[in-house]
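Here the structure is laid out as structure tokens; the discussion comes afterwards.
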Amino acid sequence: MGLARSWLYVPGHRPDLVAKALAGPADAVVVDLEDSVPPAHKQRAREVAVETCGSRPEQVWVRVNGAGTDWSDDDAAALAGSGAAGLRVPKAEDPAAVAALAERTGLGLHLLIESARGLREAFDLAECHPLVAGVSPGETDLAADLRIRDRRELSWARSRIVAANRAAGLPSPIASVWTDLSDRAGLAEDSTAMRDAGFFGRSVIHPGQIDPVHHAFTPDRDEVEQARALLDALDVAGDSAAWVDDRGRFVDRAVVAGARWVIELADALDHSSNDHDEPAGARPGRSNS
């Protein structure tokens, strides 16, 4: 999944919007063949997706139509070998179906959990094929299926998905879309909370949501300086299993691992911002970061 912080959805049947998204600040662009595309325009959206993957494969993911729909087989056939960074798979529920899609397309798969059944299978879905690149919630559909009225009550479901990813050696999951386009303050606050709950990056549906999301998922200067100071203290403490640093903080290996993650993330994002040939939305792969 790389280090993409923002994943901008764009309707696939609108090549003008796809081009605009690719020229904008989003770390990764998701060309949508599913919810935002009317049935009459599915074929056109598929054609645009294939064309776009040929020109910007390192940045483009494609959300296909779910298994069992009238369009899923054609999506898989068209995108196999397309060079897309990967596919987003909605309503993932069946590990065998996911593994079959991976074999058919040869592409990394980002699975969206949008039902109670999918949530039950989250751990098996995360481990069902080496090309599974990540598992994330699709919270609007998931809340509806669970009959949850307040999405804050999905915290237990989010935690299960976080654990499923990490147990499978996958990156942290991507947070779901914030649907209130007018509430940037709410988006910023919620993105920070999702970061603290084990998520990295967020799906967005409007370019105006990108900046608050980038800010939430980029370590700030104080956080980076504290992490560097802690690692400097490690050089002084040597191989001690645990110690109290000069600021009175108890430090053990878990704390050190967290500090290293902050430094690695900050360095990678800084490098990415200065290297237009390698966008932050890199190709998928298993990682313990």
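The values are calculated or read from the model by the stated rules, or taken from the named source; none is laboratory data. In this text, all values refer to a predicted model and were calculated from it rather than measured experimentally. With ideal geometry, Cβ positions are generated from the backbone for all residues, glycine too; neighbour counts draw on all protein chains shown. Heavy atoms of the whole protein, side chains included, go into the accessibility calculation; ligands, DNA and RNA do not. Shrake-Rupley method; radii C 1.70, N 1.55, O 1.52, S 1.80 Å.
Some values worked out for this structure:
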read-out	value
Answer label, with volume of the Cα convex hull per residue in Å³ calculated from the coordinates and candidates (i) 118; (ii) 138; (iii) 129	(ii)
Residue-averaged [θ]222 nm for the chain, counting only DSSP H segments that reach four residues, each worth -39500 (n - 2.57)	-13500 deg cm²/dmol
Rounded if a/c under 1.5, otherwise prolate or oblate - the stretch 155-228, Cα gyration tensor axes	oblate
Given charges at Cβ of Lys, Arg, Asp, Glu: the chain dipole, positive-most of ALA19, ALA67, ALA257	ALA67
Per residue, in Å², the accessible surface of the chain once ligands and nucleic acids are set aside, probe 1.4 Å	48 Å²
Debye, to nearest 20: dipole size of the stretch 166-215, +1 on Lys, Arg Cβ, -1 on Asp, Glu Cβ	240 debye
Positive-end extreme of charge dipole, the stretch 6-217 - chosen from LEU79, ALA193, ALA143 (charges on Cβ)	ALA193
Charge dipole (debye, nearest 20) of the stretch 123-187; +1 at Cβ of Lys and Arg, -1 at Cβ of Asp and Glu	180 debye
Selection from PHE217, SER182, LEU170, by position along the positive dipole direction of the stretch 6-217 (Cβ)	PHE217
Ranked by how many other beta carbons lie within 10 Å on average, peptides 209-218, 141-150 from highest	209-218, 141-150
Share of carbon and sulfur in the accessible heavy-atom surface of the stretch 1-75 [1.4 Å probe, %]	52 percent
Rg to Rh, two decimals, where the stretch 13-101 supplies the alpha carbon set and Rh follows Kirkwood	0.95
Rounded to the nearest 20 debye, dipole of the chain from Cβ charges on Lys, Arg, Asp, Glu	500 debye
Among ALA28, ALA268, ALA122: highest mean-square fluctuation, GNM of the chain, C-alpha pairs under 10 Å	ALA268
GNM flexibility winner over the chain from ARG151, ARG195, ARG117 (Cα, springs under 10 Å)	ARG151
Share antiparallel - DSSP beta bridges, the stretch 71-212, percent rounded to 5	0 percent
